[in-house]
Amino acid sequence: MSAPLECTKVKEKIAVDEQIKTFEVTEKQVIVHCSLHSPNGTYLRIWKSTYLKTESGQHCPLVTWKGITLAPQWMPSSEEYTRFTLIFTGLPSDCKQFSLIEDIPEDHGFVKHGIQRNGSDIYQVAL
C-alpha cells in the first residue's frame, strides 16, 4: 500500500516544480534606462500607455518608472540630459528585437525602433 502513496508524492512534487517554472517565466521584466536630450526649461512626462512592441506585434506594458513623472503631471528638466528608467513586463523568449513606443494622443511621443535583444534584458536607450 505504500507504492500508491509514493506515486502521489512524486506527482505533487512535479506539480510544484511546474508551478515554480511558470512563476519564473511570468516574473521576467525588461529594464530600459533612457537618456533624453532636454535643455533646461523642457518639461517631460511618461504616459502609462507606453509599451514595448516585439517584431511579432506582441505588446509588453509599462509596469513602473523612476526618474520621470507619469502623465498628466509634468516634470521640469534641470540638466542637459534627463535620465530615467522604465520597467516593462518580460519579452517572449523568441523575441530578437523590439521597439519602445509611447502611445499618446498628441505629437512627440517617445519612439525607438530596432532595439536588439540581449541576454540581460537591461538596455540603455537614447531618445
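FYI, it's all coordinate maths here, none of it is from the lab. What you see is a predicted model; the values in this text were computed from it and never measured. A quick note on method: Cβ atoms are made from the backbone with ideal geometry, for glycine too, and the neighbour counts reach across all protein chains shown.
The table for this structure:
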quantity: Within segment 89-127, tally of residues that are within 15 Å of the chain's Cα centre (by Cα), buried (at least 16 other Cβ atoms within 10 Å of the Cβ) and assigned to a loop (DSSP other than H, G, I, E, B); calculated: 5
quantity: Extreme residue, farthest from the chain's Cα centre (by Cα), among residues of segment 43-88 that are in a loop (DSSP other than H, G, I, E, B) and among the basic types (K, R); calculated: R45
quantity: Residue in segment 65-83 that is surrounded by the fewest Cβ atoms within 10 Å (Cβ to Cβ), counting only those that are hydrophobic (A, V, I, L, M, F, W, C) and farther than 16 Å from N40 by Cα; calculated: L70
